[in-house]
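Encoded as structure tokens, the structure appears first; notes follow it.
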Amino acid sequence: MAKFTGEKIIELKNVVKIYDKEKAVDDVSLSIKKGDFVTILGPSGCGKTTILRMLAGFEQPTAGEIYLEGEDVTSVPPHKRNINTVFQKYALFPHLNVFNNIAYGLKLKTVPDANSKKGYRLLSQQEIADKVNRALRMVDLEAYGHRDIDSLSGGQQQRVAIARAIVNEPKVLLLDEPLSALDLKMRKEMQIELRRLHKELGITFIFVTHDQEEAMTMSDTIVVMRDGQIQQVGTPKKIYDEPQNAFTADFIGESNIISGKMIKDKLVEFFGHQFPCMDKGFEPNEPVDILIRPEDIKINPREPQFEGTVMNVVFKGTFYDITVVLDNYELSVKNTKAFEVGEKIMMSIAPDGIHVMPKDCITNEYKTEITGENTISIGDTDFEFVPNAGETFNKGDRVIATIDFDKIELTDNEDEGQISGNITDMIYKGKYYQVKIWLDNDTALIVDTPYDWNTDDRVGLVIKKEDIKVRHDEKN
Ligand code: ATP
């Protein structure tokens with residue numbers, strides 16, 4: 001995780017949220033700097049909204065703590081936290097005009113008053129009007145106070161929702177995919193508006209999106225999430241230039257992710273060639289993932305390193321998107337010049353254009369038990385395996401089965417598979433796709449496949465008995 005310097009406004013400590021049996025948020029620890037524009041970025045279902053709802057107080061963590069300005073607010077109700085939320089659906093009151101939508105919360109608000117017996121009083125009409133008009137000015141809707149909500153465009157409704165949230169002068173503003181209902185042009189305009197508002201208000205913004213470009217343009221800090229866990233925290237530039245794993249690299253910007261091996265410090269091998277790089281600290285010959293951005297591959301340089309053949313060229317306005325094949329890999333390359341399809345080209349990559357990442361792992365490890373003679377259960381289905389010579393297993397023994405990612409075959413005809421599941425994640429790794437499949441009993445398996453599947457595809461899985469390696473689980 002990124003090293004934290006500066007004044008913290010929010011801190012999550014080992015926060016977990018479990019719905020039924022599903023872990024929506026899995027041990028998240030995060031510090032947020034006062035005044036930052038922080039974006040939580042990740043694919044649908046990764047737990048972004050759940051984190052926001054816990055920050056707002058609409059959900060209670062199953063475990064862990066949440067601090068606001070150093071104070072434990074884990075069980076403090078939403079209205080007692082100095083935090084306001086702008087939702088995906090604006091949730092405006094259709095029967096109230098713009099002014100009254102914004103004024104709604106203020107009419108219930110009390111302020112300290114030494115002259116009152118109770119020690120507090122409601123805001124006066126004038127005070128409310130001043131605050132509402134100020135909020136309307138901030139979102140450029142000064143002339144719209146009297147208008148019906150229904151008469152406003154999506155973008156204008158969005159501004160009303162923001163005005164309603166900032167009128168309470170919160171210390172933190174939470175924004176849950178607030179631009180997702182807008183068309184592209186309006187979205188771009190609102191991105192600039194939100195940046196301006198953030199500057200003017202000087203408060204902390206926590207913004208949730210699955211759109212990496214939006215996160216890159218707007219944020220001071222990006223928190224990348226996957227499956228309820230934080231993958232990386234950093235500035236947009238740091239996350240683009242130095243992603244910590246293949247998931248982040250693939251999620252942020254266009255990338256080539258290639259399997260390779262670290263020969264020694266500052267020397268990596270892929271495409272059957274050795275390349276000088278800047279990375280060190282890996283084991284000699286450690287398998288690694290290599291990230292190369294399309295703009296970092298030079299074509300026909302003075303000192304070429306490898307050769308490929310142009311397979312496809314698409315003009316993108318200011319550059320050409322060129323697909324090059326070599327050694328069964330498909331590389332995406334950006335260049336200002338066009339090349340002919342079929343043309344052989346030479347290429348090179350400077351050491352700082354090569355980014356080496358540890359491979360998450362290459363094999364599935366699955367804890368299960370022996371169900372019969374040389375059979376184990378995977379996701380409620382029995383699979384035969386071939387035991388190591390001399391090793392015996394008895395029914396009920398707790399075991400660990402390992403299956404290499406490239407030893408599972410996928411089929412779109414579910415009936416041909418021994419077991420079925422849904423594809424939830426996919427990363428292109430140059431020569432193959434790495435997909436994550438959730439089996440029907442809530443178990444995930446990773447598969448390396450030559451075919452381009454779609455997320456949410458339903459697939460059958462075929463695993464040969466000789467590819468299932470089984471050992472006793474010593475801990476059980
Ligand atoms: P999206 O971008 O689609 O809104 P997200 O990253 O915000 O996704 P969450 O809404 O936080 O994801 O959901 C995380 C996981 O928790 C999902 O698998 C979701 O189905 C589950 N989940 C969220 N809220 C509930 C709930 N109230 N009850 C049961 N499961 C829930």
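The values are calculated or read from the model by the stated rules, or taken from the named source; none is laboratory data. Everything numeric here is computed off the predicted structure, so don't read it as measured data. Positions of Cβ are generated from backbone atoms using ideal geometry, with glycine treated the same way; all protein chains shown enter the neighbour counts. The protein model used for the area step is the full one, side chains on, heavy atoms only, and it has no ligands, DNA or RNA in it. Shrake-Rupley method; radii C 1.70, N 1.55, O 1.52, S 1.80 Å.
Structure data summary
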item	result
Matching residues, segment 196-212, being among the basic types (K, R) and closer than 16 Å to K171 by Cα	K199
Some residue of segment 165-174 being in contact with an Asp or Glu (Cβ under 9 Å, 6 or more places away or on another chain), at pLDDT 90 or above and open to solvent by 20 Å² or more (accessible area, probe 1.4 Å)	yes
Given (1) modelled with pLDDT of 95 or more; (2) surrounded by 14 or more Cβ atoms within 10 Å (Cβ to Cβ), number of the condition G42 does not satisfy	(1)
Positions within segment 163-180 being touching a residue at least 40 places away in the same chain (Cβ under 8 Å) and in contact with a helix residue (DSSP H, G or I) (Cβ under 7 Å, 6 or more places away or on another chain), in sequence order	A163, R164, I166, V167, N168, L173, L174, D176, P178
Condition met for K264 (under 30 Å from the mean Cα position of the chain (by Cα) and surrounded by fewer than 19 Cβ atoms within 10 Å (Cβ to Cβ))	no
Any hit, segment 103-112, residues being within 28 Å of the chain's Cα centre (by Cα) and touching a residue at least 12 places away in the same chain (Cβ under 8 Å)	no
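Per-residue answers, yes or no, for (1) in contact with a Lys or Arg (Cβ under 7 Å, 6 or more places away or on another chain); (2) in a strand (DSSP E or B); (3) farther than 27 Å from E286 by Cα:
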| site | (1), (2), (3) |
| --- | --- |
| G342 | no, no, yes |
| M346 | no, yes, yes |
| V356 | no, yes, no |
| E365 | no, yes, no |
| T368 | no, yes, yes |
| T371 | yes, yes, yes |
| I376 | no, yes, yes |
